[in-house]
Number of protein chains: 2
Amino acid sequence: MMDRPLLMKQLLWRAERVFGDKRIISRTGDGEDISYTYAEYAVRARKLAQALTALGVRPGDRVGTVAWNTHRHYEAYFGVPCMGAVLHTVNLRLFDEQIAYIINHGGDRVLLIDPDQIPLIERLAPDLRGVQAYVVLADTVPETTLSPVHSYEELLAAQDGKLEFPDFPETTASAMCYTSGTTGDPKGVLYSHRSVVLHTLGLCLHGSIGVREEAIFLAISPMFHANSWGIPFAAALQGATLVLPGPHPEPKHYLELIDRHKVTHAVGAVTIGVMMRDLLERDDPHYDVSSLDVLWLGGQAPPRGLMKWFADTHAVVVPQGWGMTEASPLVTFTALKSKHDHVAEDDVYDVRGKQGLPLPLCEVRLVDEDGDDLPWDGKAVGEYHLRSPWMASAYYDDPRSPASYDAQGWFKTGDVGVIDPDGYVQLTDRSKDLIKSGGEWISSVELENSLMAHPAVAEASVVAVPHDKWLERPLACVVTRSPVTPEELTAYLLEHFARWWIPEEFLFVDAIPKTGVGKFDKKVLRARFGEADARERYRAEASR
Amino acid sequence: MMDRPLLMKQLLWRAERVFGDKRIISRTGDGEDISYTYAEYAVRARKLAQALTALGVRPGDRVGTVAWNTHRHYEAYFGVPCMGAVLHTVNLRLFDEQIAYIINHGGDRVLLIDPDQIPLIERLAPDLRGVQAYVVLADTVPETTLSPVHSYEELLAAQDGKLEFPDFPETTASAMCYTSGTTGDPKGVLYSHRSVVLHTLGLCLHGSIGVREEAIFLAISPMFHANSWGIPFAAALQGATLVLPGPHPEPKHYLELIDRHKVTHAVGAVTIGVMMRDLLERDDPHYDVSSLDVLWLGGQAPPRGLMKWFADTHAVVVPQGWGMTEASPLVTFTALKSKHDHVAEDDVYDVRGKQGLPLPLCEVRLVDEDGDDLPWDGKAVGEYHLRSPWMASAYYDDPRSPASYDAQGWFKTGDVGVIDPDGYVQLTDRSKDLIKSGGEWISSVELENSLMAHPAVAEASVVAVPHDKWLERPLACVVTRSPVTPEELTAYLLEHFARWWIPEEFLFVDAIPKTGVGKFDKKVLRARFGEADARERYRAEASR
């Protein structure tokens, strides 16, 4: 067959030639939204490639971005990889030292930064030895100590956009993300043109999120986190209208954008969904979200109560998926099967509560501690091992890679759970989040989901704390919506779980600490509340 | 990224593991339909691979099939490629000499044949020097001169199905089809595992035919013709119910199957759609086709009246596409855009009447005679050049390959038309030498050359004229050197071609009109004799 490589420019070709009049909308944060067509977009992406070439960027060089979800950031999404350079999106929510580590370890030559990120980069600049130029994503350059520094718009204005993106092997690196989900320094994941193209097709399939021309997609998930789950690439391929929430987005901005641009699909973290529900419940101001059909929530399992609330009050389907930076990120998606057409509503939520079916080309194994296959019976609990053409084969320049892969090259996810006979993956825990009490496993995630389904509970995180007799016991940290007692929560949990699963201790907190990507930060909870004394002191202070 | 190759066994993996309880239904032709699950199917596909290995088939060997759309043929669709051998589907409707050429040129080692095809293969067997074994797709072997000959079911019964399909490079050949669409001997197109996997994803996308789990697909298009347009592969990947119409299918069988199995999607040639409409209009017997949502008609453009009839009377959408054996086959598909949501019905049919938008990864150029790009303005007429990862890069072992590709590797389709500003491809004229009758190509040049070899014929030009049932039929315009009758010419042609190639009508003319460079001007012939009335008038005048 034609040895035509899979290249990201083919995605851009379709956006420009087949869907050239479809639009990209970008919230500026000060009034008017920016709106232009994919045809205009493609010209600007080529101008960016020309400008970066003029700055000395060569194929293989890394171009870092420290930016929000904006049209300019999106121009780099194609402009940088299609010229043969590597788009390195830096998570601006991390700690200073992590950001500096990531930029240096990635070897970024040029940094594209949003104006509000200038103070951050000025702080780090003395340590960023490889960076040869800074480009501020703005019309002009504000006062700054960064040097040499350029204005993005001035750079583009100097170019004509007449450039034919080159061919190269499909295994050429296209993009790079660092994952901070584990202990130690962040780990870099390098994507290829091939992997991005294949993952993009995966997002456009029936049975997946199904990016399509007629959809209006609000990309809430940050473009600095696993490429906003690949939605921006898929929107281009299918000519979907793409709505970008701009700098410092808050839940109210998402609702405003849904209202203003008749958004049909929104994609973001579960915690965002919770906050959007709270605003919609308050209904002051009122947002018209009647256009919204699908709210894809990821990062962790959306509570059943949240899914039901959106379905019952706004006819919004809340699907979920399972993924990870290493997997581009999507692995499973909660498509229902035709057999669920006529089952009772509660049983449908049993299915929607799982992480879903493996996407095409994503092979999943469920293995025991010896690496042997476990049955897909919905009961046997094991670790998931993955293999797919959009799965990273190693971490970038990192000695920790071998620990994450088995001898046959399967990626050991560290996620633990079951697979039912229909092929639905259901995570019970990260392996390190499991609680081993008296030799038996307790799933913190199942306890959390159950607690968060209680009407008085806003958020709940369950972690293991040391115990003299059982070695570990669950501790529930709870944020309440209305008054509730530990006794009431215990009684509630006993309806669903065996007595030995029930936490003896509940801590009522103001907020659950979150990681840079919005997940519950259990490391922090364990560190703060691991000692019984610390919990006593906290309760004493809270009761004052 | 993970250098996981794209292999067809990944499609089968999903059918077996994720959709193991979904069903394949195969019409036997004598009463009861066969029905079994994808889980059972996968075991039988592995047994076939074991049986073929036992017969001496090795990776790279070609295994030919001369068979209808049945479950056994479908087992070969995965069983043969997944073991590393090459599935060679032979078009059993071709002329004996073409079939022998194809089997010999392809180098088939084993032939899987339907019982009713035994007389055909017995006739050819003395010429099939490379074939080392015949397998009859039946429980037992009927009386036959073929040798050595085996029963398919007896071979499978001897195997345990415990086989792990091997890994190999994704560029490994997986399947092979011959196209008889051009002059001279048929040309072989070799598919790779990569191209089949990518084309399969293409069929499952939003904006394409969209094969999905909840669909019940009736594969009318023959499995010996461009792999039934890839539907059987896509059905496995997505767990769609697959309905196969079995041996010697007629339009009434399709309607019976739609009625009996609540088919939602049917896929076949335009001429089949015409015949189905005629039967439904007659309504005796009555068929309940209320389950049918989509009738994808291909091979040539469905007439607007046919599309409207299905929509108005049965709420069935009739999309079309454009493809060719060399392109696996699909290139474009008539998805509507959101901008068409509120346009008048007639304008919608203007869009549906076009061949559609390029699928993802399918790049199309419209070029003039010098190979320069023409604008996509809906007016400029040019030839389509194609590039995609599922496009053949050459014909198999064929010196004619270079003529079909330009210097940059684009495939020159020979099809001619326009592209509108929205990216819709609209063929205004095909390669003018070809006649599409009942979904199959007839080469006018071959007929002409044969006629002109007859001692009584001076010149002959064959053109397509419209036909109610077959949509196009060949008309032979003949300049004689000495008296000859249509019956004599028919008998003469039957020595060289299958009966369905033979023109029903011969017109004896004084001269064939010529173009400026002395070629037959077929446009003039089509304009003059395209209407049956005009031919009648001409004959009446000529006989005076």
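Miscellaneous remarks
- Highlighted here are the strands (runs of 3 or more DSSP E) found entirely within the range A:130-179 that include at least 2 residues which are within 18 Å of A:L87 (Cβ to Cβ) and more than 14 Å from every other protein chain (Cβ to nearest Cβ): A:133-136, A:173-179.
- Options B:E472, B:E383: the member that is assigned by TED's automatic domain parsing to the domain that holds B:R535, over 20 Å from B:R539 (Cβ atoms) and in contact with a Gly (Cβ under 9 Å, 6 or more places away or on another chain): B:E472
- A:V43 passes every criterion in (1) within 15 Å of A:L155 (Cα to Cα); (2) of a type in the set (V, I, T); (3) in contact with a strand residue (DSSP E or B) (Cβ under 6 Å, 6 or more places away or on another chain) apart from (3).
- Flag for A:L306 being among the aliphatic types (A, V, I, L, M) and within 14 Å of chain B (Cβ to nearest Cβ): no
- Residue count, the range A:101-114 (criterion: part of a helix (DSSP H, G or I) and surrounded by fewer than 21 Cβ atoms within 10 Å (Cβ to Cβ)): 3
- Test: B:G230 is in contact (Cβ under 8 Å) with a residue 24 or more places away in the chain, among the small types (G, A, S), outside any loop (DSSP other than H, G, I, E, B) and under 26 Å from B:R17 (Cα atoms): yes
- In the range B:233-253, residue nearest to the other protein chains (Cβ to nearest Cβ) [restricted to those that are part of a loop (DSSP other than H, G, I, E, B) and surrounded by 24 or more Cβ atoms within 10 Å (Cβ to Cβ)]: B:G239
- Considering the range B:1-58, and only residues there that are within 14 Å of chain A (Cβ to nearest Cβ) and among the β-branched types (V, I, T), the residue that is farthest from B:D160 (Cα to Cα) turns out to be B:V18.
- Checked against the criterion of being in a helix (DSSP H, G or I) and touching an Asp or Glu at 6+ places or on another chain (Cβ under 8 Å), the candidates A:Q117, A:Q50 yield just one match: A:Q50.
- Complete set of residues in the range A:342-393 that are among the small types (G, A, S) and away from every other protein chain (no Cβ under 12 Å): A:A344, A:G353, A:G371, A:G378, A:A380, A:G382
- Qualifying residue in the range B:84-94 (condition: over 30 Å from B:I502 (Cβ atoms) and surrounded by fewer than 24 Cβ atoms within 10 Å (Cβ to Cβ)): yes
So that you can scan it fast, the table gives a plain yes or no per residue for (1) outside the structural domain of A:V211 (by TED's automatic domain parsing); (2) within 19 Å of A:N449 (Cα to Cα); (3) in contact with an Asp or Glu (Cβ under 6 Å, 6 or more places away or on another chain):
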site	(1), (2), (3)
A:G305	yes, yes, no
A:W309	yes, yes, no
A:H314	yes, no, no
A:S328	yes, no, no
A:S338	yes, no, yes
A:V343	yes, no, no
A:V348	yes, yes, no
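- Within the option set B:D185, B:D259, being within 30 Å of B:V462 (Cβ to Cβ), more than 10 Å from chain A (Cβ to nearest Cβ) and touching an Asp or Glu at 6+ places or on another chain (Cβ under 9 Å) holds for one residue only, B:D185.
- Taken over the range B:296-325, residues that are touching a Phe, Trp or Tyr at 6+ places or on another chain (Cβ under 6 Å) and within 29 Å of B:G414 (Cα to Cα) amount to 4.
- Looking across the range A:410-430, just one residue is modelled with pLDDT under 85 and in contact with a Lys or Arg (Cβ under 9 Å, 6 or more places away or on another chain), and that is A:R430.
- The test for being at pLDDT 95 or above, surrounded by 18 or more Cβ atoms within 10 Å (Cβ to Cβ), out of contact with any helix residue (DSSP H, G or I) (no Cβ under 7 Å at 6 or more places or on another chain) and not assigned by TED's automatic domain parsing to the domain that holds B:A175 holds for B:V364.
- Verdict on B:Q238 being within 28 Å of B:Q10 (Cα to Cα) and of a type outside the set (G, A, S): yes
- Exclusive hit being crowded, with 19+ Cβ neighbours inside 10 Å, without any contact (Cβ under 8 Å) to a residue 60 or more places away in the chain and farther than 30 Å from A:D185 by Cβ, set A:A491, A:A456, A:A476: A:A476
- Options B:A269, B:A175: the member that is aliphatic (A, V, I, L, M), at pLDDT below 95 and in contact with a Ser or Thr (Cβ under 8 Å, 6 or more places away or on another chain): B:A269
- Hey, A:L201 free of Cβ contacts under 8 Å to residues at least 60 places away in the same chain and either surrounded by 21 or more Cβ atoms within 10 Å (Cβ to Cβ) or within 12 Å of chain B (Cβ to nearest Cβ) (or both) or not: yes
- For the range B:117-130, a residue qualifies if it is closer than 18 Å to B:G107 by Cα and crowded, with 21+ Cβ neighbours inside 10 Å, and exactly one does: B:I121.
The values are calculated or read from the model by the stated rules, or taken from the named source; none is laboratory data. The structure displayed is predicted, hence computed values, not measured ones. Quick reminder, even Gly has a Cβ in these numbers, built from the backbone with ideal geometry, and neighbours come from all protein chains shown.
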